[in-house]
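For reference, the structure discussed in these notes is given below.
The values are calculated or read from the model by the stated rules, or taken from the named source; none is laboratory data. Only a predicted model underlies this, so the values are computations on that prediction, with no experimental measurement involved. No Cβ is skipped: glycine too gets one built from the backbone with ideal geometry, and neighbour counts run over all protein chains shown. Surface areas here come from the heavy atoms of the whole protein model, side chains and all, with no ligands, DNA or RNA. Shrake-Rupley method; radii C 1.70, N 1.55, O 1.52, S 1.80 Å.
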Amino acid sequence: MTQFHKQLGTLSRKNSSITLDDLQNDFRYCLHLWTGTAKHAGTESTVSFNLCGDEATSGVRVVSVTEKVFTQGSQVTLNFSTAEQLGNVALLQLMHDNSGEGSRASWNVDRAAVQDLTTGKLSYFFCDEWLAADRGDGQVAKTFPVATEQDLHSFGFLFPASLRSNLVEEHLFFSVAIMPKGSKFTRIERLGCCLSFLTLSMVASAMWLSDENATQVVQAVSLGPFSFTLNTVYTGIMTSITCLPVVMAIVVLFQYSRPNSKGGRRVRDAETAGPAEAPEQQEPAKGLPHWCKYVAWVLVVLSALGSSVFIVLYSLEWGKDKSERWLSAFFTTFLADIFLLQPVKNVLYKP
């Protein structure tokens, strides 16, 4: 169930939390709804749901909100309470009133999960369905059974879930835009790692090109200002592999350095306008010392400045043709890292 717990922890940037009642009843629940990423997957129709357990049902709950929350690729958390405990949740009924205009009436539900806050039990639902009058079977109300333990441990669930989670957290470039909420590896730190990779790949491409044999140029494929040969593609891939260990070292320093313990509690007290709390007895935090973050920033600055100097020195010896080959090799390095090395690293990564 580790991957299942990680799914709830990996939130989309488009995350909304809505409280449906005053939460005065004894039993509280959180229903997480993920909207798909297909075109026009979001809806502006009024959404309703009903959770059915072996002891009770939640009753039909209407999500009456004025803002658009069920947008493409979003996650919405619905908080509500019930007078009776539902027991083991068996079914989830989802529906909407088809009141949205045009394509905004339909809704593509990717998946759902419900958490019993009293017991902490999590239940998962595979959806991947359109609730639409003009798509699929034309139904705007559908019922989904709870996923079994066998379903949750199947390859068809674990591999896409792991890949999606690792893509959001571990892909060096994509994670800058879609990083999970609350990640300790901040966006500015990710941008610093991207800067290091780009500058290092520039100088590495120049170093590989300096050793190339002039007789290797056979037939080039032109794409705008870029010209690609087999040698250029080889240089780009090897450059990306060369830069990866250095950049990964910087990523590890950022990602696994402990947060600064000094002043952290005072900052949280100031944000919540609450009284200062007495220090609690806690276990020693795991990870690298906090000063490793400063080492990572020093490496980012040195890699950027050092690479810039060497690129200027190399370019003084180049003519137009070699500059264009260098630009093509650098562009190939960038593409190879985004679409080859980073996905491979994410597949092999074991959280």
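Label-to-label distance, SER64 versus MET248, with points set 7 angstrom from Cα along the beta-carbon direction: 5.5 nm. Between the amide H of ASP110 and those of TRP34, THR35, GLY36, ASP128, distances stay under 5 Å, these residues lying 5 or more places away or on another chain, with hydrogens modeled in the peptide plane.
Note on segment 285-328: with neighbouring protein chains present and a 1.4 Å probe, carbon and sulfur make up 73 percent of its accessible heavy-atom surface. Between SER17 and THR77, the built amide H atoms are under 5 Å apart, and every one of these is 5 or more places off in sequence or on another chain. Between the amide H of THR46 and those of ASP97, ASN98, SER99, GLY100, distances stay under 5 Å, these residues lying 5 or more places away or on another chain, with hydrogens modeled in the peptide plane.
Taking packing as the residue-averaged number of other Cβ atoms within 10 angstrom, the listed peptides 23-32, 306-315 run from highest to lowest as 23-32, 306-315. Modelled this way, with points 7 Å down the Cα-to-C-beta line, the labels at ASN25 and LEU91 are 1.8 nm from one another. Take segment 17-109 with all the other protein chains still there, run a 1.4 Å probe, and you get 44 Å² of accessible area per residue.
Taking a threshold of 32 Å on the Cα-Cα distance, which of the pairs LYS293/LYS320; LYS68/LYS121; LYS320/LYS345; LYS184/LYS322; LYS121/LYS142 fall above it? As for pairs spanning more than 32 Å Cα to Cα, those are LYS293/LYS320; LYS320/LYS345; LYS184/LYS322.
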